[in-house]
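*Asks:* This is the structure, below, for whatever I ask next.
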Amino acid sequence: MLTLTEIQGTNILEFTLDGSLSREEFDEIVTKAEEMIEAHGKIKIIEIVRHIGKIAPSAIWADLKWEPRHLKYFTHVAVVADQRWIDWIVTASKIFISAEMKTFHLDQLEDARAWINAAD
């Protein structure tokens, strides 16, 4: 299940993944991110991963095609998750992504929001 929230009056997009992710849900993220990029030029992301279930292969493929063309529009990314392997992926991703990235545990969600809000 996907929950998507645009923080009103900001360039912050927050989404929560708790279970499976369909292609349609991935497309919701893309649509909202593109709307916000159009409105703000650059955006900040808070990605909350409570639980990862099945991710549709078409969503993975769409992400692999969409993300490289749009990463330049992300200034800060906070990834909030308790799965240790996600920390490793974020650390490895820093080589390819110019956005400032930081990981937080689920019990640090408010810290992640504060970090994103304070980011220039």
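*Asks:* When you check K42 against the structure, is it over 15 Å from L13 (Cα atoms) and among the basic types (K, R), yes or no?
*Replies:* no
*Asks:* Right, another one. Output the residues belonging to the range 97-118 that are surrounded by fewer than 16 Cβ atoms within 10 Å (Cβ to Cβ) and small (G, A, S).
*Replies:* S98, A114, A118
*Asks:* Just need a number here: residues in the range 97-113 that are part of a helix (DSSP H, G or I) and hydrophobic (A, V, I, L, M, F, W, C).
*Replies:* Keep residues of the range 97-113 that are part of a helix (DSSP H, G or I), which gives 106-113.
In the following step, the residues that additionally are hydrophobic (A, V, I, L, M, F, W, C) were identified as 106, 109, 112.
Count: 3.
*Asks:* Please return the ranges of strands (runs of 3 or more DSSP E) entirely within the range 3-96 where 3 or more residues are surrounded by fewer than 14 Cβ atoms within 10 Å (Cβ to Cβ) and charged (D, E, K, R).
*Replies:* none
*Asks:* Next up: For T91, state whether it is polar (S, T, N, Q), at pLDDT 90 or above and either on the phi < 0 side of the Ramachandran plot or over 14 Å from the mean Cα position of the chain (by Cα) (or both).
*Replies:* no
*Asks:* What is the one condition in (1) more than 20 Å from R23 (Cβ to Cβ); (2) in contact with a helix residue (DSSP H, G or I) (Cβ under 8 Å, 6 or more places away or on another chain); (3) polar (S, T, N, Q) that Q83 does not satisfy?
*Replies:* Among (1) more than 20 Å from R23 (Cβ to Cβ); (2) in contact with a helix residue (DSSP H, G or I) (Cβ under 8 Å, 6 or more places away or on another chain); (3) polar (S, T, N, Q), Q83 violates only (2).
The values are calculated or read from the model by the stated rules, or taken from the named source; none is laboratory data. This is a predicted model, so every value here is computed, not measured. Don't worry about glycine lacking a Cβ; one is built from the backbone with ideal geometry, like all the others, and counts go over all protein chains shown.
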